[in-house]
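Notes follow once the structure below has been shown.
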Protein chains: 4
Amino acid sequence: MGPVHTVEFRIRYSETDAMGTYYNSRVLEWFEYGRTELLRALGKPYREMEAQGVWMPVREAHVEYLSPARYDDLLRMTCRLYRSGPARFRFDVEIVDTETGRLVCRGWTEHVVVDRRGRPIRPPPWLIELVEGRRE
Amino acid sequence: MGPVHTVEFRIRYSETDAMGTYYNSRVLEWFEYGRTELLRALGKPYREMEAQGVWMPVREAHVEYLSPARYDDLLRMTCRLYRSGPARFRFDVEIVDTETGRLVCRGWTEHVVVDRRGRPIRPPPWLIELVEGRRE
Amino acid sequence: MGPVHTVEFRIRYSETDAMGTYYNSRVLEWFEYGRTELLRALGKPYREMEAQGVWMPVREAHVEYLSPARYDDLLRMTCRLYRSGPARFRFDVEIVDTETGRLVCRGWTEHVVVDRRGRPIRPPPWLIELVEGRRE
Amino acid sequence: MGPVHTVEFRIRYSETDAMGTYYNSRVLEWFEYGRTELLRALGKPYREMEAQGVWMPVREAHVEYLSPARYDDLLRMTCRLYRSGPARFRFDVEIVDTETGRLVCRGWTEHVVVDRRGRPIRPPPWLIELVEGRRE
């Protein structure tokens, strides 16, 4: 149900906190990295979308923190993109520790489609095809 | 239903992004600032909680992004703390633009109670009293 | 030698790392906070400068990390602004732990003056007067 | 003059600011990424160093910001590690835009060697050999 993409990355020291694990807000930066690479894999880098006048800001975000992970741990993030409403798109994300296989965290972000000034616009046909026209 | 505290702060340039507004993950840093100041106002700084062996990591987070806000805008954040389960606590947060009165974003974080090693512990009586024993 | 301004702030949990102290890059975010408040104290918020077409991006930064500081420590930051060249301005910054009096870190940022497109411009007279016309 | 390592990475949206380019403090996070990968390439991940009781916190940092770069730009970072004093090590870093070849920024971080409690220690022989024993 919608395109899926997986990337791997390591936790940076800057992303840890005094508890010794990753700081909670950093997960939303990782989610963005996952979205960026999923769109690139689909052949439509987000940068090109903006250049064509289509912005997709986050309207809502949700994260569950399930197990700790530490500096330099290698994580695997899987993102799935689908349409969650006439003018809404959602990315579901899961992040797993590659060594232990444990689910580190999961969540989603929901996005609206707006123009340069932030006004809602109808999703262009190429965007809908990008998201719904593919089957995996 | 549970203690409430309000703080004001300005958006830093470091918290903006190329859209010209605040970057989505920064809201979770703001929420932490709100929690820290609420606990201090209750007479129990979080730092003291950790010194007594009680950690309260975020287990789940949710954010709705409702309107843009820009560098140097003065925001007002209101946090409410309550018990959301036998060993769970939740902070509900709303952030308003002080100039326009508009709701900028809102959300919540849910927290578990753990020891230094991250193992769940029963919430100490003083913590329950702190959260439930007060009425505003 | 140029206007001076002091602010106080606490270290956020998000600014700590797995060593238990503050993460090194966060100091540059603090410096920005210091600059913002110094310019506001001078009666010329940086936001207004940008609205008038004057940007002052960082061209060079230097930080010395002198002693550790932890979550919730109350720090006092003093910034001094002066002209470091015909079209350059520098902010010298010192950050002290309010409890121990120890110097936590110090450094500076040097800024150029550019227009909206990032092209160097001559510093406007009001900017030079702001920086050099006051004596403390 | 000491081991060298190069990595490539893209600018994340979270690393941009309202000027449309990368925010200045993020460069210090990139530098950390470069150090981490250089040490891994040398066969001694920093995580293992800490596990053996050797910490290398940043004592001083310097950055020059030379040209703008934007979201999703692919940058190439080259780090060189050398001994800058009896108990000091320095990483020199250059970051280039892979498309234009332009130097985006450069700088260095200087590190001391400390134990878990942050007390200076003599650099262990394996660390000196790691840094000085190789020729490229």
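For C:ILE121 and D:SER67, the FRET efficiency from 1/(1 + (r/R0)^6), where r spans their Cβ atoms and R0 equals 25 Å, is about 0.90. The eigenvalues of the Cα gyration tensor, multiplied by 5 and square-rooted, give the stretch B:31-95 an equivalent ellipsoid with semi-axes of 25, 15, 10 Å from largest to smallest. When restricted to Cα atoms, the protein assembly as shown yields an Rg and a Dmax of 23.4, 69 Å, respectively. The C-alpha atoms of chain A define a longest principal axis, and helix A:26-41 lies at about 50 degrees to it. Each label point was placed 7 Å from the Cα along the Cα-to-Cβ direction; for D:THR6 and C:THR6 their separation is 5.0 nm.
Of the residues A:SER14, A:LEU66, A:MET77, the one whose Cα sits farthest towards the positive end of the charge dipole of chain A is A:MET77 (charges of +1 on Lys and Arg Cβ, -1 on Asp and Glu Cβ, taken about the Cα centre). A simple charge model with +1 on the Cβ of Lys and Arg, -1 on the Cβ of Asp and Glu and nothing else charged puts the dipole of the protein assembly as shown at about 0 debye relative to its Cα centre. Based on Cβ point charges of +1 for Lys and Arg and -1 for Asp and Glu, what charge dipole magnitude is obtained for the stretch C:78-136 about its Cα centre, in debye rounded to the nearest 20? Taking the Cα centre of the stretch C:78-136 as origin, the dipole is about 400 debye. The 3J(HN,Hα) values that the Karplus relation (6.51, -1.76, 1.60; θ = phi - 60°) gives for the stretch C:66-81 are, in residue order, 10, 8, x, 8, 10, 3, 6, 4, 8, 10, 10, 10, 10, 10, 10, 10 Hz. Gly and Pro appear as x. A point 7 Å from Cα along Cα→Cβ stands in for C:GLY118, and the other copies hold the same point at 2.4, 3.8, 4.0 nm, listed in rising order. Each label was represented as a point 7 Å from its Cα along the Cα-to-Cβ direction; for C:GLU132 and D:THR100 these points are 3.1 nm apart.
About its Cα centre, the dipole of the stretch C:24-136 is roughly 500 debye, where the only charges are +1 on Lys and Arg Cβ and -1 on Asp and Glu Cβ. Shortest first, D:GLY85 label-point distances to identical copies amount to 2.7, 5.1, 5.7 nm, with the label point at 7 Å from Cα along Cα→Cβ. Per residue, the convex hull around the alpha carbon atoms of the stretch A:61-120 comes to 102 Å³.
Taking the alpha carbon gyration tensor of chain D, multiplying each eigenvalue by 5 and rooting it gives semi-axes of 29, 16, 13 Å, largest first.
Just so you know, all these numbers are worked out from the coordinates, no wet-lab data involved. Since the model is a prediction, treat every value here as computed from it, not as a measurement. Cβ sites come from the backbone with ideal geometry, for glycine too, and all protein chains shown count toward neighbours.
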